[in-house]
Amino acid sequence: LQLEAELRGAIQGAEFEPYYQPKVDLMTGNIVGFEALVRWRHPTRGLLKPNHFIEAIIKHKLSFDLFSQMAIQIAKQLNTWLGMGFCQHVCINAEAAEFSQPNFFDFISKLLAEYRIYPEQLHIEMTESSLMHRHSSVQHQLSKIKNLGVKLALDDFGTGYASLSYLQEYDFDFIKIDKSFISKIISDPTQHAIVKAILDLAKALDMGVVAEGIETEAQYALLKDVGCQYGQGYWFGRPVSAATATQLLEAQH
Ligand code: G
Ligand code: G
Ligand code: MN
Ligand code: NA
């Protein structure tokens with residue numbers, strides 16, 4: 001109960017902020033976008049990562065409050081970057097349950113209009129595990145959001161119970177290969193085969209692929225070699241503050 005009160009206070013006090021991890025086009029090495037990862041600027045405990053609070057946020061049904069606080073800051077940042085001539089996109093993490101919020105669609109369309117950002121600059125990623133608990137209205141909400149031009153990504157691909165059925169049920173633009181499949185891609189022929197199969201599948205279904213958790217140059221080279229278009233990972237950069245992300249964009253300009 002104490003944590004719940006503290007989380008509600010943190011939402012009220014706007015203590016959550018996005019950190020930005022670069023997403024790179026593996027063919028050019030350029031930053032094409034960022035994944036926004038929430039951080040809690042705690043008044044006494046410093047900057048906290050999601051593992052300290054995200055489960056509690058979901059349990060206490062504060063996911064949409066967190067999502068909207070993140071989305072507003074991200075939209076402001078995209079607007080600032082557009083003003084500087086940068087038109088990269090930002091991926092925001094969402095729980096599938098948030099889509100059953102009746103005002104979800106209105107919230108997103110107002111956000112795009114208010115901050116004058118292009119719909120395709122906003123990507124929403126959902127994990128397979130959150131889709132497992134899906135509400136029947138999620139599919140309808142997702143297609144409305146997609147019709148605005150917002151892009152959808154299936155996160156942690158391959159780790160859920162029904163990865164392939166999600167591809168059939170929902171119209172994702174991107175799949176993100178979970179980092180557990182990338183970590184041993186060099187040494188383990190099975191992981192290599194799985195990644196190649198995912199790439200073939202994505203191509204057949206006309207979806208983009210993002211490899212997560214790229215930590216070495218060898219992993220980068222191999223993924224590029226097998227035709228994976230996008231990647232994220234410590235090799236390219238850790239999640240950083242908005243100010244540092246802006247410097248990264250300026251540096252490649
Ligand atoms: O850097 P990292 O520790 O930030 O993120 C840990 C996990 O927390 C990731 O798996 C990610 O999916 C989740 N996460 C990060 N930011 C958000 C967010 O804003 N909303 C939700 N629902 N999950 C997030
Ligand atoms: O949303 P998602 O589950 O994909 O969140 C990504 C998580 O993975 C975050 O906690 C992020 O900090 C972390 N991460 C990002 N790049 C790397 C990486 O190269 N290696 C590892 N081990 N973790 C990473
Ligand atoms: Mn993610
Ligand atoms: Na992931």
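The values are calculated or read from the model by the stated rules, or taken from the named source; none is laboratory data. Just so you know, these numbers come straight off a predicted model, no measurement behind them. Methodologically, a virtual Cβ is constructed for each residue, glycine included, from the backbone with ideal geometry; neighbour enumeration extends over all protein chains shown.
Some values worked out for this structure:
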quantity: Whichever residue in region 174-200 is in contact with a helix residue (DSSP H, G or I) (Cβ under 8 Å, 6 or more places away or on another chain) and closer than 30 Å to GLN141 by Cβ and, among such residues, is farthest from ligand 2 (Cβ to nearest atom); calculated: ILE198
quantity: First in region 1-26 and of a type in the set (S, T, N, Q), second anywhere and modelled with pLDDT of 95 or more, Cβ under 7 Å, 6 or more apart; calculated: GLN21/PHE34; GLN21/GLU35; GLN21/LEU37; GLN21/GLN232; GLN21/GLY237; GLN21/ARG238; GLN21/PRO239
quantity: Some residue of region 4-19 being more than 12 Å from ligand 1 (Cβ to nearest atom), within 16 Å of the chain's Cα centre (by Cα), outside any helix (DSSP H, G or I) and within 21 Å of LYS151 (Cα to Cα); calculated: no
quantity: Selection from region 201-234 of residues that are part of a loop (DSSP other than H, G, I, E, B), within 16 Å of ligand 4 (Cβ to nearest atom) and of a type in the set (A, V, I, L, M, F, W, C); calculated: MET207, ILE214, CYS228
quantity: Test: residue in region 123-140 that is farther than 14 Å from GLU95 by Cβ and within 15 Å of ligand 1 (Cβ to nearest atom); calculated: yes
quantity: Residue in region 178-189 that is assigned to a strand (DSSP E or B), surrounded by 17 or more Cβ atoms within 10 Å (Cβ to Cβ) and within 20 Å of the chain's Cα centre (by Cα) present; calculated: no
quantity: Single unsatisfied condition, ARG238 versus (1) without any contact (Cβ under 8 Å) to a residue 60 or more places away in the chain; (2) within 16 Å of ligand 1 (Cβ to nearest atom); (3) surrounded by fewer than 19 Cβ atoms within 10 Å (Cβ to Cβ); calculated: (1)
quantity: Helices (runs of 4 or more DSSP H) wholly inside region 98-155 that include at least 3 residues being touching an Asp or Glu at 6+ places or on another chain (Cβ under 9 Å) and not β-branched (Val, Ile, Thr); calculated: 128-132, 138-148
quantity: Search result, residues across region 122-143 that are free of Cβ contacts under 8 Å to residues at least 60 places away in the same chain and crowded, with 17+ Cβ neighbours inside 10 Å; calculated: LEU122, ILE124, MET126, THR127, GLU128, SER130, LEU131, ARG134, VAL138, GLN141, LEU142
